[in-house]
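Here the structure is laid out as structure tokens; the discussion comes afterwards.
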Amino acid sequence: MASKPGIFTDWPWNPLGSFKKTQREGEYTMASKPGIFTDWPWKPLGSFKYLVLAPWVLHSIYSFTVKGEKERDLANFLFFPFMLWRILHNQIWITLSRYRTSKGNNLIVDKSIDFDQVDRESNWDDQIILHTMLSYLISMSMARAHRLPFWRSDGVIMTILLHMGPVEFLYYWFHRALHHHYLYSRYHSHHHSSIVTQPISAFIHPFAEIVVYFMLFGIPVITTVLTGTASMAVVFGYLTYIDFMNNMGHCNFELIPEWLFSIFPPLKYLMYTPSFHSLHHTQFRTNYSLFMPFYDYIYDTMDESTDRIHKNSLKRGEDSSDVVHLTHLTTFESIYHLRLGFSSLASNPHDDNSNFRWYMWVMRPFTIWSAVLTWIYGRTFVSDSHTFEKLRMQSWVVPIYSIQYFLKWQRNTINGLIEAAIMESENKGVKVLSLGLLNQASDHYQYATFLISLIYIINLYINLFIILQGEELNRNGEMYVKRNPKLKVKVVDGSSLTVAVVLNSIPPGTTQVVLRGKLSKVARAIAFGLCQRGIQVAMLHEEEYHKLMVMSTKFGTNLVLTKNYHHQRIWLVGEGLTDEEQNKASKGTIFIPFSQFPPKKIRKDCFYHTTPAMITPPSLHNLHSCENWLPRRVMSAWRVAGIVHGMEEWNVNECGESIFNIDQVWEATLHRGFRPLSVSY
């Protein structure tokens, strides 16, 4: 070592010792030694944290309303709308980034994101709340910050020069100081836990660190206020620029074209790229600059591979996929639960209360308008992508809402969209396409929204109607195969694995079960499988009993019609189960769904399984959103069926009335690492 070591002598991860590789892989979720003022002050408020702004917002609205036109402070009044704009601006970047990375175009770092990173980055809007609060305080405390003009050229020029000079310079050295082991282990390591960055990764810092950043970014704004050259263009424009550059720089895909730097070469010193900053997150000790890389050139901290990574990322095309899971929208709010929507919703199981969060009510007009636009102009899009060993998978969303299933004249449109998606997968070389639904509303939600509007009254009846019409609509996908006999992609409806999951969910020693619900292909196969195993299947309705008996004579004496079902402990249920029937079930009854939709849980003294699903193996990567109401890292049986079909390279369709060997499908699924989802009784 040097006889008198200076600052920045040690590596930032020296204190981590032998654990430095673990940190580089992003496994730390907080600073290894959290310093003071790490947590945000309003953390205990949860999603109600915006209430801390209520006094300032109300005062601003009141003042703007009661004061005369000459005394009104428009800038102060616009702080709250500007906050909403910043939230929307960030959300646009989140959606764009997740969409682009799911397709693979111009991808920079080909690694996955997990639920830990999503949770760690869930408070990305805290810095917006803090800045809005500080804006109100400055506006009220500084006389020259009142009644700002819309534009002043001298103030804009001063802001540009101050950003290029003091802000960029001070940020560069503060950033290098943060990589000193003392500050890194207490603060900055939290930000660097995200090796694969998203736009919102830019704002994930401890509270104390964000305060320093705001002091830096406040230099141009406060200076223009003190010199009397401030304007709304400076206040709002400068913050929008910072948000734009932060979001862009933390995208995991390259979007800055190479020709831009060829036309104006000095631009490479004045504007960074996503690949530039991505190298900082993977290498840690290079590319420290804020938005303008010239200080990295001056102090020789520019990563030598920056230009090469930039060019290679631009050349990267869209990823190919081996397996596609085709799902669709259902209720108008379902789009928010997609991976491309709100990460806080998508990363947690959908429950009955999520649609009643305060911001969902506020967004209802926007929700309805977006549904109308999606209905008219919507196209099938990629929602997420995963890797499983050598298999690449994607989920595609067809822009079909549940209400469209209620309209018979929409049937051809629905089939046309699904068939177009199948043909697109054929042209892209997809091997397996599994058919599934993405229903984001349970019966609780439907009954509650019954009281809201006529549109939501219609949705009350849709969930049941979807499944009732599923086989009539396209015969479990068989129609598409018959229309296109030369299809190479294998269409899988997942019925065989669904049956296997339900059969293996029945507790050992069971001798009789109640089967209640729509007699779908899955229900019939379950009944037949149980009778083959010597388990008696009790039917509650004479009509359903006779339908099964007519369909097959192989049920024997194990299929029975009974009215004495009050003491049956195991109920296999699908669409059509009524509240009255649930109330007649005995205490401790186990309800096991065999449908896409779970039954409404009205009994607290009974047990409810999830819809047929399985736990995914650890080797299935980039899974950081939940499928409907299922827990994290759990996939529906219909979705898993397509993955297993692709892994086993079964060269056959599973659609129409076809059912594979149940035991063979089950063993193959377990062999691939998927595990049953258990329920405690």
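Using Stokes-Einstein with the Kirkwood hydrodynamic radius over Cα pairs, what translational diffusion coefficient do you get for the range 291-379 at 37 °C and a viscosity of 0.692 mPa s, in µm²/s rounded to a whole number?
Diffusion coefficient, whole number: 187 µm²/s.
Round to a whole angstrom and tell me the spacing of the C-alpha centers of the range 518-543 and the range 242-310.
Centre-to-centre distance over Cα atoms comes out at 63 Å.
Pick out, in residue order, every one of the chymotrypsin sites (Phe, Trp or Tyr not before Pro) in the range 85-164 that is DSSP loop and has at most 13 other C-beta atoms within 10 Å; say none if there are none.
Of the chymotrypsin sites (Phe, Trp or Tyr not before Pro), the ones in loops of the range 85-164 whose Cβ has at most 13 other Cβ atoms within 10 Å are Phe150, Trp151.
Could you work out [θ]222 nm for the chain from helices alone, using -39500 (n - 2.57) per DSSP H run of at least four and dividing by all its residues? Round to the nearest 500 deg cm²/dmol.
Result for the chain: -13000 deg cm²/dmol, rounded to the nearest 500.
Which trypsin sites (Lys or Arg not before Pro) in the range 494-544 pass both tests, a DSSP loop state and at most 15 other beta-carbon atoms within 10 Å?
Passing sites in the range 494-544 are Arg533.
For the range 536-600, state which trypsin sites (Lys or Arg not before Pro) are in a DSSP loop and have at most 11 other beta carbons lying within 10 Å of their beta carbon.
Lys554, Lys563, Lys587
Taking neighbour Cβ counts within 10 Å as the exposure measure, how do Ile222, Ile204, Ile602 sort from fewest upward?
Ranked by crowding around the Cβ, least crowded first: Ile602, Ile222, Ile204.
With the crude spin-label approximation of a point 7 Å out along Cα→Cβ, what separation in nm comes out for Lys70 versus Thr240?
A separation of 3.1 nm, rounded to one decimal place.
In degrees, nearest 10, range 0 to 90: what is the angle between the Cα axis of helix 274-283 and the longest Cα principal axis of the chain?
Helix 274-283 and the main axis of the chain meet at about 90 degrees.
Please find the FRET efficiency linking Asp110 to Thr578, where r is the Cβ-Cβ separation and R0 is fixed at 45 Å, and quote it to the nearest 0.05.
0.35
What number do you get for the range 92-150 when its Cα radius of gyration is normalised by 2.2 N^0.38 Å, N = residues?
1.82
Among Asp243, Asp125, Asp116, which comes first, then next, by fewest other beta-carbon atoms within 10 Å?
Asp116, Asp125, Asp243
Using Cβ counts within 10 Å as a stand-in for footprinting exposure, how do Ser678, Ser402 rank, fewest first?
The most exposed by this proxy come first: Ser678, Ser402.
I want the local charge near Ile506. Using Cβ-Cβ distances under 12 Å, sum +1 for each Lys or Arg and -1 for each Asp or Glu among the other residues.
+2
Which percent, nearest 5, of DSSP beta bridges in the chain are antiparallel?
Antiparallel bridges: around 35 percent, rounded to the nearest 5.
Convert 4 °C to kelvin, take the viscosity as 1.567 mPa s, use the Kirkwood radius over C-alpha pairs of the range 14-253 as Rh, and evaluate the Stokes-Einstein diffusion coefficient in µm²/s, rounded to a whole number.
After rounding, the answer is 67 µm²/s.
Read the figures in this text as sums done on the coordinates, not as results from a lab. For clarity, every value in this text was computed on a predicted model and none was experimentally measured. Counting neighbours? That spans all protein chains shown, and the Cβs are built from the backbone with ideal geometry, glycine included.
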